[in-house]
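Below is one structure, written out as structure tokens; comments come after it.
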Amino acid sequence: MPSVSPAFKTAMKQSVKELAAKATIPELGITITGADDLNSVRIMGEGGIGQTTMRALEMRYINGHDLLGKTVEVQIGVMTASGYEYADYGSFLITEISEKKGSDTITAKGYDLMIKAMVPYTAPAIEYPTSLLEYTQILAAACGLELANTAFVHDDWLINEELYENIDGITYRDIFVEIAKVTASICVIGSDDRLYFKYITNTSETLTYSNLKSLDLMPEYGEINSVVLSRTPQNDDIYMRDDISIDQYGLTEFKIENNQIIDKDRDNAMTAIFDSLRGIRYFPFDAATEGLGWYEIGDRVTVQIGSGLTYSCVVFEFALTVDGGIKERLACSEPTKTQTQYQYATTIGRRIKSAELQVDKQANEIRALVSDMYSEGGLINESFTFIRQDIANITSAVQTAGGANLLLNSVMFAVDNDRLPMQWETSGAGSIDIRASNETLNAGGVSGNIFTLADLAVKQRVPVLPGSEYFFSCRVRKNAAGTAYIQLSNTDETHRIDFQNGESPFWATYSIGTLTPSLSYYDIEFYGSSDSTFSVTDAMFVHGSFAAQWQQANGELMNTQVNISQNGVLVRSSTYIGDYTVMSPLEFAGYAMVNGALTKVFSLNKDTTETVRLHVTHELRMEPLKIVPITTGQTPGWAIVPA
């Protein structure tokens, strides 16, 4: 918790209190306060066991102070009997400023010093073997941070070799996540700007009815009684579990996947990790308090209802706002749990390159595997070559990775019966024209398909990982007349390219990046006015900091005739738009325009085939009989005969 006195806590619990906030900018040598230029301060954060937390700051002020790229030190105070006492919330690097048109108020957004760890990893000079604590100290120093821990749960764990040099795109923060999982801790930046691997901390404090404005409590999570160390996607798992606890509370697993620190010696690492996690339990909750201001991620508090009911809760989310008054939210969501795996909200996109040679004397075979695996938006992509040799055969396999585009149906090959693009929302009174275009290929395009907007907007919501880097690009053509725009937005930020009347790009490339979202989605939107003939192709939204050549999304294979996606297979004629065949987990069916109406002409429902019409040229057979045509003689018809 921030270091505050009992007098501070007493004052913050009063129904009427006098508050103050101030922001000091050392580089400018100034401090702005609520008494002059500072209108409001909001600090928020979210984390959990085995995760890193990067607190976000949002502050509003007047008089145009240039804070972009500056470090701001934030304090929030309350009047006590001896004057104002301030709680220190540490330093934040301002990464964005914005001003609403017609207003003199500027909004600045920034992040705590965890942002220093979000830089590409470069292997430092380390003399191996080294302890996990010394290893973490070196990594922290390499990105300009100081490690506050003087001990870990695994003080005797050794790092014997360089682990991350061959993992493309990995950052120091990604490695801190791996360390947090191994140590069963939460990686945070403290109010003293140092790096902490924090364990759940018992504050011995109780939140009562008088401290709360609202409270939601959920059923208890845990206790954790099973730990799985996994190599995925091969499902090469080892586990340790407490069967007595499982009988009493049910199974609650904690799963650690592909952790480079322990991967080569999982058996020895398991006991210490299991002992650190076993028995952790808490009640998920969501509370609005009277505004206390000293709780941090990982703090355990007791919530009391009535005179005797108490619940042990852990703060994994918080938001604190001071804008004359004070608002505070403390919360903890229940982690997703199943019987076979435990998935984190903070999964990061990464690539793991490996080469393995496995000798199985029992099976009398040798297997060689070279792979390049990474996760993107919750989907696993893998490229590999595999060779298996036994006494009789040598077999091999090659697989290439799925597409990197996070935009689904990005050039709108897949359309519905109204010629509207699947996966996209449309708004406006105008129209959209989707077609193939050789002109784009001649201009350097890749997909060969375009969509043209006339007084219409199309939008798709794309899930992203907060704190990761993303890049958007596309090719555009527009007439000189009319206006258009491309926009990426969420409730926290907006990035936009406007095309004014008079601009006439000819399949020019436009991009927005590098983007580092604070929320878990972007809405990607295109709009063209009725007279703009605004056309787009090769729309690409990727994980990373550079533009990429257009390709389809993971799991997609689309053209003007065949659409393969996560929904199944759709075979549709670009000429006869009403005639198509669908093969998906829900149905295998054919559709056609019959007398002007869309009709399901055949379908396969479990063990029954249904059809509108059936034309048989030779015979119908169902043992022990069959039906055959009689085409000669005076009476044509059917004959039912033995099969």
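The values are calculated or read from the model by the stated rules, or taken from the named source; none is laboratory data. Nothing here was measured: the structure is a model prediction, and the numbers come from that model. Here Cβ is always computed from backbone atoms with ideal geometry, including for glycine, and neighbour counts include all displayed protein chains. Just so you know, the surface numbers come from the protein's heavy atoms only, side chains and all, with ligands and any DNA or RNA stripped out. Shrake-Rupley method; radii C 1.70, N 1.55, O 1.52, S 1.80 Å.
Points worth noting:
- Residue within the range 255-273 that is at pLDDT 90 or above and open to solvent by 50 Å² or more (accessible area, probe 1.4 Å) present: no
- Of all residues in the range 307-326 being assigned to a loop (DSSP other than H, G, I, E, B) and without any contact (Cβ under 8 Å) to a residue 24 or more places away in the chain, the one that is farthest from residue 208 (Cα to Cα): 315
- Tally of residues being within 17 Å of residue 118 (Cα to Cα) and small (Gly, Ala, Ser) across the range 152-189: 2
- Being farther than 13 Å from residue 472 by Cβ, at pLDDT below 95 and either β-branched (Val, Ile, Thr) or surrounded by 15 or more Cβ atoms within 10 Å (Cβ to Cβ) (or both) is a property that holds for residue 491.
- Qualifying positions in the range 513-543 - β-branched (Val, Ile, Thr) and either farther than 18 Å from residue 411 by Cα or in a loop (DSSP other than H, G, I, E, B) (or both): 514, 516, 533
- Flag for residue 126 being in contact (Cβ under 8 Å) with a residue 12 or more places away in the chain, in contact with a helix residue (DSSP H, G or I) (Cβ under 8 Å, 6 or more places away or on another chain) and open to solvent by less than 10 Å² (accessible area, probe 1.4 Å): no
- The residue of the range 294-306 that is farthest from residue 219 (Cα to Cα), among those that are assigned to a strand (DSSP E or B) and under 28 Å from the mean Cα position of the chain (by Cα), is 299.
- Top-ranked residue of the range 225-242 - restricted to ones that are outside any strand (DSSP E or B) and modelled with pLDDT of 90 or more, ranked as nearest to residue 167 (Cα to Cα): 225
- The single condition among (1) touching a Leu at 6+ places or on another chain (Cβ under 9 Å); (2) under 13 Å from residue 541 (Cα atoms) that residue 490 does not meet is (2).
- Evaluation of residue 15 against the conditions (1) closer than 14 Å to residue 110 by Cβ; (2) open to solvent by 70 Å² or more (accessible area, probe 1.4 Å); (3) among the polar types (S, T, N, Q) shows that the sole unmet condition is (1).
- Check on residue 503, in contact with a His (Cβ under 9 Å, 6 or more places away or on another chain) and open to solvent by 60 Å² or more (accessible area, probe 1.4 Å): no
- Listed here are the strands (runs of 3 or more DSSP E) enclosed by the range 545-643 that have at least 3 residues being farther than 23 Å from residue 448 by Cβ and at pLDDT 70 or above: 588-594, 597-605, 608-611, 620-622, 625-630, 637-642.
- Filtered residue count, the range 452-467, keeping only those that are open to solvent by less than 20 Å² (accessible area, probe 1.4 Å) and either under 19 Å from residue 551 (Cβ atoms) or hydrophobic (A, V, I, L, M, F, W, C) (or both): 7
- Qualifying residue in the range 283-293 (condition: part of a loop (DSSP other than H, G, I, E, B), among the hydroxyl-bearing types (Ser, Thr, Tyr) and either under 21 Å from residue 183 (Cα atoms) or touching a residue at least 40 places away in the same chain (Cβ under 8 Å) (or both)): no
- Candidate set from the range 175-200 (those that are in contact with an Asp or Glu (Cβ under 6 Å, 6 or more places away or on another chain) and not small (Gly, Ala, Ser)); member that is least open to solvent (accessible area, probe 1.4 Å): 189
- With respect to the conditions (1) at pLDDT 95 or above; (2) closer than 27 Å to residue 279 by Cβ, residue 204 lacks only one, and its number is (1).
- Qualifying residue in the range 201-220 (condition: open to solvent by 50 Å² or more (accessible area, probe 1.4 Å), acidic (Asp, Glu) and either in a helix (DSSP H, G or I) or under 30 Å from residue 71 (Cβ atoms) (or both)): no
- Taken over the range 102-139, the criterion of being in contact with a Lys or Arg (Cβ under 8 Å, 6 or more places away or on another chain) and assigned to a loop (DSSP other than H, G, I, E, B) is satisfied by 105, 118.
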